[in-house]
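Engineer: Pasting a structure below so you can have a look.
The values are calculated or read from the model by the stated rules, or taken from the named source; none is laboratory data. Since we're looking at a predicted model, the values are computed, not measured. Here the Cβ positions follow ideal geometry from the backbone for every residue, glycine too, while neighbour counts run over all protein chains shown. For the accessible areas, the whole protein counts, side chains as well, though only heavy atoms, and no ligand, DNA or RNA atoms are used. Shrake-Rupley method; radii C 1.70, N 1.55, O 1.52, S 1.80 Å.
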Amino acid sequence: MESTIISSKNFNAYFGANHVVKNVSIEIPQNNIIAVMGPSGCGKTTYLRCINRMHELIPGATTEGEMKLHKDNIYEMNPILVRLRIGMVFQRPNPFPNLSIYDNVIAGYKLNGMKLQRAERDNIVEGSLRKAALWNEVKDTLHKKGTFLSGGQQQRLCIARAIAMEPEVLLLDEPTSALDPISTASVEELLFDLKKNYTLVLVTHNMQQAARVSDKTAFFYLGELVEYDKTKEMFTNPKDNRTQSYITGRFS
Amino acid sequence: MMNPKLRYRLVKSKSVEWIIVLFAFLITVPLIAIIFFVLKTGISKISWHFFTNIPKPVGEAGGGIANALVGSLLIVLVAALIAVPIGILCGIYLSENKDSKLASYSRLAVDVLQGTPSIVTGIVIYFWLVKPLGTFSAVSGSVALAIMMLPIVIRSTEETLKLLPSSLKEAGLALGLPYHKVILRVVVPCGFSGILSGVMLSVARIAGETAPLLFTAFGNPYISTNVLKPMQSLPLLIFNYATSPYEEWHDLAWGASLILLIWVLLLNITTKLITRKWKVQL
């Protein structure tokens with residue numbers, strides 16, 4: 001039996017009076033890829049941003065209910081510590097434009113003022129870039145600015161930056177929506193490799209992507225969690241009518 | 001044969017284009033004329049001697065503007081030391097709190113401050129600093145100039161930081177950086193070239209200000225580095241000597257005008273070069 005790493009119970013999120021995530025209860029097992037899919041505006045990104053407490057940074061945004069990392073309530077922990085343990089990759093690649101590739105990878109340490117030995121730093125940079133399948137492409141240009149890379153490379157750099165902090169969970173908010181098909185394929189392949197060491201939560205509006213890479217899929221519709229099941233099960237034998245309509249393309 | 005209507009439109013379009021080009025050219029004429037005139041009159045007055053000596057008494061030829069150069073540099077430096085930290089911090093606040101009430105009042109205050117006549121600033125500082133201290137002083141001049149610098153530094157900082165994408169801040173926060181480190185180590189470095197250009201332009205702007213110094217720094221015929229005492233500055237020297245009846249002093253004023261003009265031009269040009277070189281590619 002796999003152990004649960006993140007669990008939410010009756011979780012709600014609001015923007016002011018706008019109720020965007022409604023009573024969501026999910027248990028996310030360790031070392032899995034969980035896809036969160038649904039049409040635009042269904043609250044999937046908001047739910048994701050609630051997991052590492054990025055949601056509350058928006059003025060007027062509030063949450064309610066229980067969200068746990070292992071046994072600890074995320075909303076009683078220090079948000080900084082939460083974000084160190086739960087990394088995030090955004091929709092658009094956002095490497096720090098003023099830093100080199102090398103410094104981007106260790107940005108979490110460097111900008112936080114955590115001191116590292118030179119050898120240790122080199123190790124983290126090489127290890128993270130290897131895990132992000134970017135090492136071979138950038139090993140000779142580590143001291144160039146990260147923004148000189150292509151979009152797909154930048155996104156992998158952002159993944160390297162997130163995993164350099166050794167988080168337990170990695171949240172990915174439509175990480176391939178700004179990328180071309182080839183970069184998308186390489187990022188997807190990478191997600192598969194990362195599963196060994198991390199738990200991944202992947203928001204996507206692309207059903208094929210959810211079907212390709214995930215172990216379990218959650219389907220959100222209008223802020224509600226409609227269905228949550230093994231991906232295979234969900235795509236071959238959906239329990240709910242709305243899921244059925246969505247995966248057969250009756251609404252998007 | 002071309003359709004006459006179409007032809008009329010093409011002609012109209014061409015003539016408007018020419019008018020625009022003409023005006024774009026005309027805008028450079030006043031600057032070129034000023035530079036040319038000051039250069040022509042001032043260049044002959046400048047020599048090594050001109051930089052290293054202080055003005056001679058009336059009736060004696062020669063003399064230089066060393067006292068004004070030293071004074072101007074010091075007064076502007078102190079003004080920048082006062083205005084730059086306050087201005088940058090205030091600009092950060094305004095860009096980070098776009099909708100707060102305080103920010104909207106503060107923005108209004110900055111706008112009004114920008115429009116305040118410099119002579120009014122000068123006379124207020126006279127009552128606030130010069131009278132209580134009992135003497136004209138360079139530092140009171142610096143305070144008056146700092147007040148003039150503030151709106152420029154604040155606005156340019158605010159505008160620069162506002163243009164940075166919020167995804168940059170989120171990237172920092174998602175890595176577990178506390179808010180203040182996101183501001184200090186991500187936002188400010190990424191906007192550095194814009195902030196710096198605002199600072200340099202504000203320095204260029206106040207370098208030639210005369211009115212606020214009239215009742216504050218006052219002027220001094222000798223080299224002084226004591227900021228609590230009266231001090232000479234280039235614009236004050238130009239004002240005082242150009243309005244005097246003595247030919248030798250007019251020469252000094254022309255030379256000083258040229259130096260001041262070159263100083264401001266160089267500041268503007270280096271600002272352009274630096275911001276281009278250090279601009280962070282987003």
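Engineer: What average number of partner chain Cβ atoms lie no more than 10 Å from the Cβ of the residues making up B:79-91?
Structural biologist: That average works out to 0.
Engineer: Enumerate the calculated ³J(HN,Hα) couplings along the range A:70-82 in order (Karplus 6.51 cos²θ - 1.76 cosθ + 1.60, θ = phi - 60°), each rounded to whole Hz, writing x wherever the residue is Gly or Pro.
Structural biologist: Result, rounded to whole Hz: 6, 9, 8, 6, 4, 7, 10, 8, 5, x, 5, 5, 4.
Engineer: I would also like to ask the following. Taking one equal scatterer on every alpha-carbon of the range A:4-247, how large is log10 of I(q)/I(0) by Debye at q = 0.07, 0.09, 0.10, 0.15 1/Å?
Structural biologist: -0.23, -0.38, -0.47, -1.03
Engineer: Here is a follow-up. Return the FRET efficiency for the residue pair B:L73, B:S166: r is the Cβ-Cβ distance, R0 is 35 Å, and the value is rounded to the nearest 0.05.
Structural biologist: The value I calculate is 0.30.
Engineer: OK, next. Taking accessible area as the heavy-atom solvent-accessible surface of the protein chains with a 1.4 Å probe, which residues of the range B:158-172 lose no less than 20 Å² upon going from the isolated chain to the full protein assembly?
Structural biologist: B:S167, B:L168, B:E170, B:A171
Engineer: Near the amide H of B:N220, under 5 Å away, which other amide H atoms are found, from residues 5 or more places off or on another chain, if H is placed in the peptide plane?
Structural biologist: B:Q232, B:S233
Engineer: Return the sequence-ordered ³J(HN,Hα) values of the range A:150-156 in whole Hz as given by the Karplus equation 6.51 cos²θ - 1.76 cosθ + 1.60 applied to θ = phi - 60°, using x for Gly and Pro.
Structural biologist: Residue by residue, the range A:150-156 yields 6, x, x, 5, 4, 5, 5 Hz.
Engineer: Averaged over peptide A:81-94, how many Cβ atoms belonging to another chain are found within 10 Å of each residue's Cβ?
Structural biologist: 3
Engineer: Work out the FRET efficiency for B:T243 and B:I19 from their Cβ-Cβ distance, taking R0 = 41 Å, and round it to the nearest 0.05.
Structural biologist: The computed FRET efficiency comes out at 0.50.
Engineer: Along the charge dipole of the range B:95-254, which of B:H250, B:L113, B:L173 sits closest to the positive end, that is, farthest toward it, with unit charges on the beta carbon of Lys, Arg, Asp and Glu (+1, +1, -1, -1)?
Structural biologist: B:L173
Engineer: Ranked from highest to lowest mean number of other Cβ atoms within 10 Å per residue, what is the order of the peptides A:56-65, B:75-84?
Structural biologist: Per-residue Cβ counts within 10 Å, averaged per peptide and sorted highest first, yield B:75-84, A:56-65.
Engineer: Please find, in a Gaussian network model of chain B (springs between Cα atoms separated by less than 10 Å), the residue of B:A33, B:A253, B:A61 whose mean-square fluctuation is greatest.
Structural biologist: B:A33
Engineer: Want the number for B:I32 to B:T116: 0.36 nm per residue separation, take away the alpha-carbon distance, what's left?
Structural biologist: Between B:I32 and B:T116, full extension yields an extra 27.4 nm.
Engineer: Oh, and also: Taking a probe of 1.4 angstrom, what is the accessible area of A:E224 in Å², to the nearest 10?
Structural biologist: 80
Engineer: Let me ask another. Which listed residue (A:T63, A:I86, A:L129) has the Cα farthest towards the positive end of the charge dipole for the range A:4-247, taking +1 on Lys and Arg C-beta and -1 on Asp and Glu C-beta about the Cα centre?
Structural biologist: Among A:T63, A:I86, A:L129, the one farthest towards the positive end of the dipole of the range A:4-247 is A:L129.
Engineer: Leaving out ligands, DNA and RNA but keeping every protein chain, what accessible area does B:Y222 have, in Å² rounded to the nearest 10, with a 1.4 Å probe?
Structural biologist: Counting only protein heavy atoms, B:Y222 exposes about 140 Å² to solvent.
Engineer: Please compute the modelled spin-label separation between B:Y93 and A:K239, points set 7 Å along Cα→Cβ, answer in nm with one decimal.
Structural biologist: 5.5
Engineer: Just to be sure I understand: with springs between alpha-carbon atoms less than 10 Å apart, which residue in A:L84, A:L116, A:L225 has the highest mean-square fluctuation in the Gaussian network model of chain A?
Structural biologist: So, out of A:L84, A:L116, A:L225, the one fluctuating most is A:L116.
Engineer: Picking from A:S150, A:S186, A:S214, which is most flexible by a Gaussian network model of chain A using Cα springs under 10 Å?
Structural biologist: Judging by the Gaussian network model, the answer is A:S150.
Engineer: What list of ³J(HN,Hα) couplings, whole Hz, do you get for the range B:120-125 from phi and the Karplus terms 6.51, -1.76, 1.60, once you set θ to phi - 60° and write x for glycine and proline?
Structural biologist: 5, 4, x, 6, 5, 5
Engineer: With every protein chain present, what is the per residue accessible area of the protein assembly as shown (1.4 Å probe, Å²)?
Structural biologist: Per-residue value: 49 Å².
Engineer: Taking +1 at the Cβ of each Lys and Arg and -1 at the Cβ of each Asp and Glu, which of B:V16, B:L74, B:Y93 sits farthest along the dipole of the range B:1-108 towards its positive end, judged by Cα position relative to the Cα centre?
Structural biologist: Of B:V16, B:L74, B:Y93, it is B:V16.
Engineer: Give the cross-link partners of B:K162 among the lysines, using a straight C-alpha distance below 27 Å as the criterion and excluding same-chain residues fewer than 8 apart.
Structural biologist: Here the lysines satisfying the reach criterion relative to B:K162 are A:K110, A:K144, A:K145, B:K98, B:K101, B:K181, B:K272, B:K277, B:K279.
Engineer: Using 19 Å as the cut-off for backbone N distance, which residues of the range B:197-212 belong to the label zone defined by a point 7 Å from the Cα of B:R276 along Cα→Cβ?
Structural biologist: Counting only backbone N, you get B:197-201.
Engineer: Further question: Counting only Cα, what are the radius of gyration and maximum Cα-Cα distance Dmax of the protein assembly as shown, in Å?
Structural biologist: Expressed in Å, the Cα Rg and Dmax of the protein assembly as shown come to 31.8, 106.
Engineer: Right, here's the next one. With +1 on each Lys and Arg Cβ and -1 on each Asp and Glu Cβ, how big is the dipole of the range A:65-203 about its Cα centre, in debye rounded to the nearest 20?
Structural biologist: The dipole of the range A:65-203 has a size of about 400 debye.
Engineer: What is the magnitude of the charge dipole of the protein assembly as shown about its Cα centre, with +1 placed on the Cβ of each Lys and Arg, -1 on the Cβ of each Asp and Glu, and no other charges, expressed in debye to the nearest 20?
Structural biologist: Dipole of the protein assembly as shown, to the nearest 20 debye: 820 debye.
Engineer: Here is a follow-up. With +1 on each Lys and Arg Cβ and -1 on each Asp and Glu Cβ, how big is the dipole of chain A about its Cα centre, in debye rounded to the nearest 20?
Structural biologist: Around 320 debye, computed over chain A.
Engineer: Something else now. Hey, which aspartates and glutamates would be in cross-link range of B:K169, C-alpha to C-alpha under 19 Å, not counting anything within fewer than 8 residues on its own chain?
Structural biologist: Once the sequence-local aspartates and glutamates are set aside, what remains near B:K169 is A:E56, A:D103, A:D173, A:E174, B:E96, B:D99, B:E158, B:E159.
Engineer: A further question follows. Take the alpha carbon atoms of the range B:107-131, find their center, do the same for the range A:96-174, and report the distance between the two centers in whole angstrom.
Structural biologist: 49
Engineer: Give me the accessible area of B:Y179, 1.4 Å probe, in Å² rounded to the nearest 10.
Structural biologist: My reading of the accessible area for B:Y179 is about 120 Å².
Engineer: Would you work out what percent of the accessible area of chain B, with all protein chains in place, is carbon or sulfur (probe 1.4 Å)?
Structural biologist: 72
Engineer: In nm, to one decimal, how far is the modelled label at A:Q117 from the one at A:L222, with both set 7 Å along Cα→Cβ?
Structural biologist: Going by the 7 Å Cα→Cβ label model, 6.0 nm.
Engineer: Can you pull the mean other chain C-beta count within 10 Å for peptide A:96-105?
Structural biologist: That average works out to 4.
Engineer: Suppose a student asked you for the relative contact order of chain A, using Cα pairs under 8 Å spaced at least 6 residues apart; what percent would you report?
Structural biologist: 28
Engineer: Going by a ≥ b ≥ c, the root eigenvalues of the Cα gyration tensor, does chain B fall in the rounded group (a/c under 1.5), the prolate group (a/b larger than b/c) or the oblate group?
Structural biologist: oblate
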